[in-house]
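FYI, it's all coordinate maths here, none of it is from the lab. A quick note: this is a predicted structure, and the numbers were derived from the prediction, not measured. In this analysis, Cβ positions are derived from the backbone assuming ideal geometry, glycine residues included, and neighbour counts consider all displayed protein chains.
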Amino acid sequence: MKSIAIEQTREMLCEVCRAVIGQKPYLTEVDSKIGDGDHGIGMAGGMEKAEKALTDKTDFDSVNEVFKTMGMAMLNSMGGASGVIFGTMFLGGIKGKEKMTELTCENFPQIMRDALEAVKKRGQAQRGDKTMVDAFEPAVEAMEENRNSLEEMLEKAANAAEQGMEDTKKYVAKFGRAKSLMERSVGYQDAGATSVAIIFKAMKDYVEKAD
Ligand code: ADP
Ligand code: MG
């Protein structure tokens, strides 16, 4: 599959919402090891609002509008650092872009690359700082390197995000509550990186089924 239409893009992001909501207890558990334990609650709450917004609205005129609806619902409902960071994950890539009527092997990596750069600009985190960037950046690179089909692109991206999430165990936290633990944060995976791995896996699962 080289592309998906606006409606399939909407369905794919709904699948992302349901996957994160389903992993709420797991995300909470991961965040409670070195964070304050609210990541699952925050993410699931934002994704519930996003799924509702994506379901209530029926007349999306572009892929841009689908991403915007998702990101705005998260930004407006989540609050805190992760509301801005994860809202930007869906908003940053469409900002200033012409309307797209399908999601393709060419424009999808560009959308996610621009979203990543917007997240990094907002949050000032670099790879190795033990944040969601550690999963997001390798996933975007995998997308850029695998443009033959959406299935292959998202399979590689989901694997890269999962590996990036695993790698956060090795890092010392530089942001959020975990920062105060310093070396004691080593050995535990980052909650936000875990969310990114879940998000990419859900997109992979969707395109696999949509075949
Ligand atoms: P809070 O830190 O406000 O409790 P959450 O627990 O919902 O928010 O989210 C924490 C996650 O947000 C972290 O695990 C990390 O991945 C991500 N995060 C926090 N600050 C930043 C940042 N500056 N840049 C990128 N990601 C960040
Ligand atoms: Mg937290």
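Data for the structure
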read-out	value
Residues C17, C105, sorted so that the one with the fewest Cβ neighbours within 10 Å comes first	C105, C17
Counted charge near M153, where neighbours are those whose Cβ lies closer than 13 Å (Asp, Glu -1; Lys, Arg +1)	-3
Value at 222 nm in deg cm²/dmol, rounded to 500, when DSSP H runs of n ≥ 4 in the chain each add -39,500 (n - 2.57)	-22500 deg cm²/dmol
Ranked S180, S185, S62, criterion: other C-beta atoms within 10 Å, fewest first	S180, S62, S185
E102 long-range amide H proximity, modeled H, under 5 Å	V63
Alpha carbon centroid spacing (whole Å) that separates region 81-133 from region 161-211	16 Å
Dipole-positive endmost among T88, G35, V66 within the chain (Cβ charges, Cα centre)	G35
Residue with peak Gaussian network fluctuation, the chain [Cα springs, cutoff 10 Å], from L27, L181, L13	L181
Of K95/K121; K156/K201; K49/K209, pairs whose Cα-Cα distance is over 18 Å	K49/K209
Projected label distance in nm at K174 and K57, using a 7 Å step from Cα toward the beta-carbon	3.4 nm
Residue order, fewest to most surrounding Cβ atoms within 10 angstrom, among D36, D205, D59	D59, D36, D205
